[in-house]
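The values are calculated or read from the model by the stated rules, or taken from the named source; none is laboratory data. In this text, all values refer to a predicted model and were calculated from it rather than measured experimentally. Every residue, glycine among them, receives a Cβ derived from its backbone with ideal geometry; neighbour counts consider all protein chains shown. SASA here: full protein model, heavy atoms, side chains in, ligands and nucleic acids out. Shrake-Rupley method; radii C 1.70, N 1.55, O 1.52, S 1.80 Å.
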Amino acid sequence: MLFRSLTAAELFWNACDIYREAQHSIFEDDNREKLYLHARMLECYEGLIPHADHPIERVEIPFEGNFIQGIYHRVPGGSKAPAVLHLPGMDQTKESRLHPLHHPFVMRGLHCLQIDGPGQGTSNIRRIWLTEDNYPRAAQAALDWLCNRPEVDASQLVVSGYSFGSHWAMALAARDPRVRAIGTA
C-alpha cells in the first residue's frame, strides 16, 4: 500500500508541474484555456495531499478585499516550531520549486507557508496584480496568518525567497521586525 501511495503522490506532483508550465505561457488571466489548465494544476496538487508524509493544506489569506492563496506544510506531530514564509519567483507559483514530498523545510522541523503573492499564480486569476508596493503588504498578511497558528513559534519566523521572490523577501525583512532570518537564492 505504501508503494502505491508514494507512486500516486509522485504522479500527481508530476502532472501538477506539467499543468503549471502549460498555463504559465498564456498571459491573459481570463483566457479559458489558462483557467482550465490552472484548475487542473490545483486539482493535481490536491490529489497528492492525502499521500504526503506531513500535513498539507490549501489556505486563503485575507488581503485588501480579496484573498491570497497559500499552501501550508506542517511538521508532523503538531508541536510548536519555527515557520518559513516562502516567496516564489515572479514566473512561478506556490506549487513550484519546493517538492511537497521531500519538503526541505519540513524535513528540518520548520512549518512552511508558500504563497501566490500579487502577480503570481492564483493571484493573477483573482486579478491581484503586482504593483510597486503591494507584494510586501501581501507577505505581511501571510506573516499575520502564520502568527495566528497555534503550532507556529511566532518568535522564530523566517522568510525564504527564490529568484525575484528574493527581492520581495528582502523588502519584507526590511519592513517587518517579526522576520528573524532570511534565506534567498
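Estimated from the Cβ-Cβ distance and a Förster radius of 45 angstrom, the FRET efficiency linking D144 and L11 is about 0.80. Students often get this wrong: which residues of the range 33-66 have the backbone nitrogen under 18 Å from the point 7 angstrom along Cα-to-C-beta of R126? Those under the cut-off are 35-36, 38-43, 45-46, 57-66.
Residues within the reach of a label modelled at M107 (point 7 angstrom out along Cα to beta-carbon, backbone nitrogen below 14 Å), restricted to the range 33-58, are 53-54.
Across the chain, the mean sequence separation of Cα contacts (distance under 8 Å, 6 or more residues apart), normalised by length, yields a relative contact order of 20 percent. Where a ≥ b ≥ c are the square roots of the eigenvalues of the C-alpha gyration tensor, would you call the range 1-96 rounded, which needs a/c under 1.5, or, failing that, prolate if a/b is larger than b/c, or oblate? Since a/c reaches 1.5 but b/c is at least a/b, the shape of the range 1-96 is classed as oblate. Karplus-based coupling profile of the range 48-53, in residue order and whole Hz: 7, 3, x, 9, 6, 8, with θ = phi - 60° in 6.51 cos²θ - 1.76 cosθ + 1.60 and x standing for Gly or Pro. Among the cysteines of the chain, those with no neighbouring cysteine Cβ under 4.7 Å are C112, C147. Computed from the C-alpha gyration tensor, the three semi-axes of the ellipsoid equivalent to the range 128-168 are 22, 13, 7 Å, from longest to shortest. Ignoring solvent entirely, what values of log10 I(q)/I(0) come out of the Debye formula for the chain at 0.09 Å⁻¹ when each Cα is a single scatterer? Per q value, in the given order, log10 I(q)/I(0) is -0.30.
Relative to the current alpha-carbon distance between E43 and F67, full extension at 0.36 nm per residue lengthens the span by 6.8 nm. Calculated FRET efficiency, R137 to L35, Cβ-Cβ distance, R0 = 30 Å: about 0.70 to the nearest 0.05. Computed 3J(HN,Hα) for the range 94-106, one whole-Hz value per residue from the Karplus formula 6.51 cos²θ - 1.76 cosθ + 1.60 where θ = phi - 60°, is 5, 7, 9, 6, 8, 5, x, 9, 9, 5, x, 7, 4, glycine and proline marked x.
When the chain is modelled as a GNM with alpha-carbon springs shorter than 10 Å, which of G119, G109, G78 fluctuates the most? In this elastic network of the chain, the residue with the biggest mean-square fluctuation among G119, G109, G78 is G78.
At an R0 of 22 angstrom, the distance between the Cβ atoms of A181 and H54 translates into a FRET efficiency of 0.55.
Each Lys or Arg adds one and each Asp or Glu subtracts one; over the other residues with Cβ under 12 Å from the Cβ of I18, this totals -1.
Computed from backbone phi with θ = phi - 60° and the Karplus coefficients 6.51, -1.76 and 1.60, the 3J(HN,Hα) list for the range 123-129 is 4, 4, 4, 8, 6, 9, 8 Hz; x is used for glycine and proline. Here the chain exposes an accessible surface that is 56 percent carbon and sulfur, computed with a 1.4 Å probe and the other protein chains kept in place. A 1.4 Å probe run over the protein chains yields, for the range 1-157, 47 Å² of accessible area per residue, whole-number rounding.
Rg/Rh for the range 67-171 stands at 0.95; both radii use Cα atoms, and Rh follows the Kirkwood definition. A run of the chain free of exposed loop cleavage sites, with chymotrypsin sites (Phe, Trp or Tyr not before Pro) counted only in DSSP states other than H, G, I, E and B and at most 16 other beta carbons within 10 Å, reaches its longest extent at 28-128.
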